[in-house]
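Single-structure report; data block below.
The values are calculated or read from the model by the stated rules, or taken from the named source; none is laboratory data. Values in this document were obtained by computation on a predicted structure and should not be read as measured data. All Cβ positions, even for glycine, are placed from backbone atoms using ideal geometry, and neighbour counts span all protein chains on display. When the accessible area is computed, the model is the full protein with side chains, heavy atoms only, and any ligands, DNA or RNA have been set aside. Shrake-Rupley method; radii C 1.70, N 1.55, O 1.52, S 1.80 Å.
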Amino acid sequence: MEFEEANSKKQINDECIINFLPRDLIERVFLRLPVSTLLRCVGVCKHWKTMIRDPKFATLHLQHASRCVLLFFQQESVSRKCYPSDAILVDEAWSQSTYAVPVIGPDDLLCSSCNGLICLYTKTSTIKISNIATGESMCIEKPYRNLRGDHFSFYSFGFHPLKKEYKITHFLSEISEGPFHNKDRSNFIQVYTLGGEKWKDIKTLEAFNLNYVRTSGTINVDGTLYWLTEDRAARWQHVVMSFDLGEESFLQIKLPTSVHEDSAYGTRKYWIRKIDGKICIATAQTFHYTPKEIFGKLKIWTLDSKVEQTWSQKYNIDSSDYIPGPSLVHGGKLLTQCSDNKLFTYKLLWNGESFETELFKMVKLFDFGPRKPENMQCYICVKSLVRLDIYKKDGIVPRQNKRGGWKLKKWKAWEKNLSEREEMWIRFHQKEHESIESSNRFIIWLNGVLPIISNEAIRQQIGMKSTKIFRDISDQHPRSLRRLNLLGQKRDRENLIARMEKFAENSKAISDAINSIISIIMSTIPD
């Protein structure tokens with residue numbers, strides 16, 4: 001007994017020997033690990049759990065975390081078929097995820113992303129803040145329930161680095177008379193601080209048109225919210241408005257003197273975007289009949305100084321059909337969407353004055369059809385350890401079931417389709433195993449018959465043909481319980497079809513080999 005206790009204590013000491021290393025050394029190792037690994041490390045021992053779940057460690061880990069692209073596809077109806085909201089993550093090596101992000105519901109709409117957290121607009125009375133890596137979510141009551149004219153693009157989410165506060169902002173829309181007749185406008189921004197008590201109304205400098213927010217979007221940079229609107233004092237030209245999340249103050253930023261003229265084909269459109277953490281204005285011509293589709297050069301200006309309001313044109317790009325947003329550049333490459341539902345990347349080259357695209361180095365990422373290109377959003381984000389349970393005044397939702405069914409009636413057909421495919425895989429795997437068992441039985445029978453055949457040449461001929469009867473299904477792995485995203489489902493369908501075609505081809509070859517062997521054996525039997 002004493003010997004067993006001594007061995008047990010020695011084993012524990014050996015397992016925890018890493019904890020005798022200096023804390024800063026262990027921390028430096030952990031800072032270089034991905035979130036998925038750290039979440040497993042939490043269960044190793046209490047010491048590691050305390051270190052990893054420390055909010056200060058989460059902040060440090062954010063600085064080392066690699067960036068990835070979050071491609072979000074809004075729920076939509078195509079050819080009378082409903083498609084749920086979905087997301088694809090693209091890492092620094094440009095490989096795409098095939099599993100769904102569990103915190104995203106089928107009807108959720110993405111408002112913003114910040115420090116690994118996403119802000120989701122739901123069809124209920126709440127806004128949802130979720131960590132895409134840990135699966136933790138927080139539900140916050142909207143400032144108004146069933147607000148007429150409300151839109152997911154009117155919400156945004158950001159973090160102020162000095163105040164250390166996360167804030168949700170909401171443009172309060174209303175229908176007005178006067179110069180904005182029959183147009184949405186906003187006189188107030190509503191602000192909610194995570195961990196706070198309630199929403200706060202802050203009056204804007206002047207009423208602004210929300211149609212530009214819908215079409216151009218918003219961005220958050222260094223704790224400040226930016227959006228495009230019209231400058232009433234400058235004959236309705238475009239202007240950038242900013243709202244400091246810390247000071248809760250407004251600032252108007254004039255646009256650069258640029259090409260303002262329209263062409264005979266359509267009007268010039270403007271978008272506010274974020275590239276490498278900087279505020280940018282993108283502009284291009286659009287067609288009259290397809291105002292969301294662009295042509296010609298895409299010109300992008302970067303804000304050099306907010307105080308002096310100076311800009312420089314850094315990008316002069318041969319554009320594609322659609323411009324993603326609010327981010328469109330990752331790892332030195334430009335993301336573009338085509339009207340044929342394909343996503344491409346172009347390598348950006350510096351010509352001494354501005355960036356241009358190297359067209360012959362265009363790379364196709366994937367085909368996202370039948371989804372519509374105008375309903376895709378692009379964010380540069382990270383996977384983080386930022387905790388939501390420290391804001392206990394708000395409602396915390398536990399980690400989502402990775403394959404849980406969707407309750408709404410409209411998604412029953414979608415869920416049924418997924419279930420039917422799973423059943424097809426199960427039946428097909430069963431069919432493969434039955435074929436293997438049948439082939440093995442024939443081989444056993446053949447091994448019993450071969451010694452009876454005296455002709456060596458015939459035995460060798462049968463042996464050569466019998467090699468075609470062996471099956472190999474070593475690539476058959478257990479099906480994951482995780483829900484696939486739109487890209488994973490498409491590849492899963494393709495894999496199933498390809499595997500069934502290969503199975504049919506192999507089955508024919510085996511059948512031909514067996515028939516040929518039986519024919520040879522029968523020919524050796526005297527009449």
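The figures follow:
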{"quantity": "For the chain: accessible area per residue (Å², 1.4 Å)", "calculated": "53"}
{"quantity": "Sparse-neighbourhood loop sites, trypsin sites (Lys or Arg not before Pro) in the range 407-466 - DSSP loop, at most 12 other Cβ within 10 angstrom", "calculated": "LYS407"}
{"quantity": "Contour excess over end-to-end distance, with Cα ends at GLN461 and TRP94 and 0.36 nm allotted per residue", "calculated": "127.1 nm"}
{"quantity": "Rounded percent of accessible protein surface that carbon and sulfur make up, the chain, 1.4 Å probe", "calculated": "53"}
{"quantity": "Potential extension, THR122-LYS416 segment - 0.36 nm per residue separation minus Cα distance", "calculated": "103.5 nm"}
{"quantity": "Distance (nanometres) between label positions extended 7 Å along Cα→Cβ at TRP445 and LYS361", "calculated": "6.2"}
{"quantity": "Counted charge near VAL382, where neighbours are those whose Cβ lies closer than 12 Å (Asp, Glu -1; Lys, Arg +1)", "calculated": "0"}
{"quantity": "Accessible area, probe 1.4 Å, largest first, for residues TRP411, TRP311", "calculated": "TRP311, TRP411"}
{"quantity": "Set of lysines with alpha-carbon distance to LYS347 below 21 Å, sequence-local pairs under 8 removed", "calculated": "LYS274, LYS278, LYS297, LYS299, LYS314, LYS333, LYS361, LYS364"}
{"quantity": "PHE503 versus ILE202: modelled label distance in nm, points set 7 Å from Cα along the beta carbon direction", "calculated": "6.0"}
{"quantity": "Between helix 412-449 and the chain: long-axis angle, C-alpha atoms, 0 to 90°, nearest 10", "calculated": "20"}
{"quantity": "Cα coordinate range in the chain, projected on the principal axes (Å, largest first)", "calculated": "107, 81, 53"}
{"quantity": "Difference of contour (0.36 nm per residue) and Cα-Cα distance, ILE525 to SER438", "calculated": "28.9 nm"}
{"quantity": "Whole-Hz couplings from phi, Karplus 6.51/-1.76/1.60, listed for the range 147-163; x for Gly and Pro", "calculated": "6, 5, x, 5, 8, 4, 6, 7, 9, 8, 8, x, 10, 9, x, 7, 6"}
{"quantity": "In the range 414-509, chymotrypsin sites (Phe, Trp or Tyr not before Pro) in a DSSP loop with at most 12 other beta-carbon atoms within 10 Å", "calculated": "PHE470"}
{"quantity": "Nitroxide proxy distance, nm - points 7 Å out along Cα→Cβ at GLU374 and LEU21", "calculated": "5.5"}
